[in-house]
Amino acid sequence: MKQDCRPIILCVDDEPTNLRLLMEILKDDYHVYLAPSGERALTFLQSKTPDLILLDVEMPQMNGYEVIRIIKSEPKFRDIPIIFLTGLDGRDKEQIAFELGAVDYILKPISAGVVKARAGLHIELETYRRNLEEQVVRRTNQLMHTQDCVLEMLANMTSYRDQETGGHIKRTGYYTEVIVDELLRVSRPGYMLGSEYATSIKKSAKLHDIGKVSIADSILLKPARLTPEEFEVIKMHTVIGAQIVDNAIDDLGETSAFLEVAREIIIAHHEKWDGTGYPHKLAGVQIPLSARIMAVVDVYDALISRRPYKEPYSHKDSLAIIRNDTGTHFDPSLIALCEPVFPRFEEIALEHQDEVYDLFSIQSLD
């Protein structure tokens, strides 16, 4: 049996003669439902969503103005186009109808030609609006997917240079997500995150070391502790990474929330709470919250990771070091907020171990 895909029109009027006339005019082109009162119309909306409502103004008990106020207050129904049906003596109330959200009005006595023309026009406009919204959503999703792919590609640029970095990027990304989700949950003053800022932090975390693409292999891949001079070169990866983002902003001709957050993290994730970090010796809340979060996860992962020049610390010892450096390296309030999720760090570390330099078996110390 072929499904009836015709648009749905709900006609609301307390006069049965008007309802029968509307049914006769519209039945060939639309799926028509009739409601003899405002209350019955609202009940109908609980089971079906029409494409158009023809609504009488003057009805006993609940008039058309009351009905449209209720409909427009419900997010699910507020976009349904509503055409008022009114007598000649109601023309002085047209402005009220439009202010309440009506898209048009039809004068009584009802003309078949006018009803057909107005109904067809507004259903066509509503169909166009819906299609346009769907295209915008689809295009937005495509752009977001493209952005994610580009981010992954940029992050992989660093991991291709240094095999240690691939696991580090993954783990720090997961640690960051855990902290951000916790801050969203607790909503503590000074640490509240808007949804856009939170998403940008999560996505940008994987770019924190992108500036390392410019560091010479002799330093970046050195299988031993760096000399003071070499460490000064490594420190430049924050500035170079920020320059990469700045170049992207220049090419685009404008910035974005995401690029601003990415730059914050890249340039400031080695700053310290007491002002002794680099490159700009920022202190306290001068350091963006995104970078303060990145500082915690970056140091934790460095501590629990095995390197040619050092043995890894256990999860317990790594947290002890972080807590000991709270107030000097790390934001004390942020560390306190992170305490409930630190156990999750251990799970992430074991789940995403380096391929080349295995993480120390944390469980073996227990």
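Worth pointing out:
- Residue that is nearest to the chain's Cα centre (by Cα), among those in the range 1-26 that are part of a loop (DSSP other than H, G, I, E, B) and farther than 16 Å from His122 by Cβ: Cys5
- Of residues in the range 104-137 being acidic (Asp, Glu) and more than 19 Å from Val12 (Cα to Cα), the one most open to solvent (accessible area, probe 1.4 Å): Glu124
- Residue check, Ile234 surrounded by 14 or more Cβ atoms within 10 Å (Cβ to Cβ) and in contact with a Ser or Thr (Cβ under 6 Å, 6 or more places away or on another chain): no
- Among the residues making up the range 76-103, those that are at pLDDT 80 or above, among the aliphatic types (A, V, I, L, M), surrounded by fewer than 20 Cβ atoms within 10 Å (Cβ to Cβ) and over 16 Å from Glu126 (Cβ atoms) are Ile96, Leu100.
- Scope the range 237-248; condition in contact with a helix residue (DSSP H, G or I) (Cβ under 6 Å, 6 or more places away or on another chain) and either open to solvent by less than 30 Å² (accessible area, probe 1.4 Å) or without any contact (Cβ under 8 Å) to a residue 12 or more places away in the chain (or both); matching residues: His237, Thr238, Gly241, Ala242, Val245
- Test for Pro340: is it more than 19 Å from Lys235 (Cβ to Cβ) and within 29 Å of the chain's Cα centre (by Cα): yes
- Glu347 meets each of the listed conditions (1) without any contact (Cβ under 8 Å) to a residue 40 or more places away in the chain; (2) under 21 Å from Lys235 (Cα atoms) apart from (2).
- Selection count, the range 76-105, where residues are assigned to a strand (DSSP E or B) and either over 25 Å from Pro7 (Cβ atoms) or of a type in the set (A, V, I, L, M, F, W, C) (or both): 4
- Members of the range 27-75 found to be over 38 Å from the mean Cα position of the chain (by Cα), in a loop (DSSP other than H, G, I, E, B) and under 25 Å from Val114 (Cα atoms), listed by number: Lys27, Asp28, Asp29, Tyr30, Pro36, Ser37, Val57, Glu58, Met59, Asn63
- Val261 satisfies every condition listed in (1) at pLDDT 95 or above; (2) touching a Pro at 6+ places or on another chain (Cβ under 9 Å); (3) under 28 Å from Val245 (Cβ atoms) except (1).
- Glu311 falls short on exactly one of the conditions (1) surrounded by fewer than 20 Cβ atoms within 10 Å (Cβ to Cβ); (2) farther than 28 Å from Pro343 by Cβ; (3) charged (D, E, K, R), and that condition is (2).
The values are calculated or read from the model by the stated rules, or taken from the named source; none is laboratory data. What you see is a predicted model, and the numbers here were worked out from it, not measured in a lab. For neighbour counting, all protein chains shown are included, and Cβ atoms are generated from backbone atoms with ideal geometry for every residue, glycine included. When the accessible area is computed, the model is the full protein with side chains, heavy atoms only, and any ligands, DNA or RNA have been set aside. Shrake-Rupley method; radii C 1.70, N 1.55, O 1.52, S 1.80 Å.
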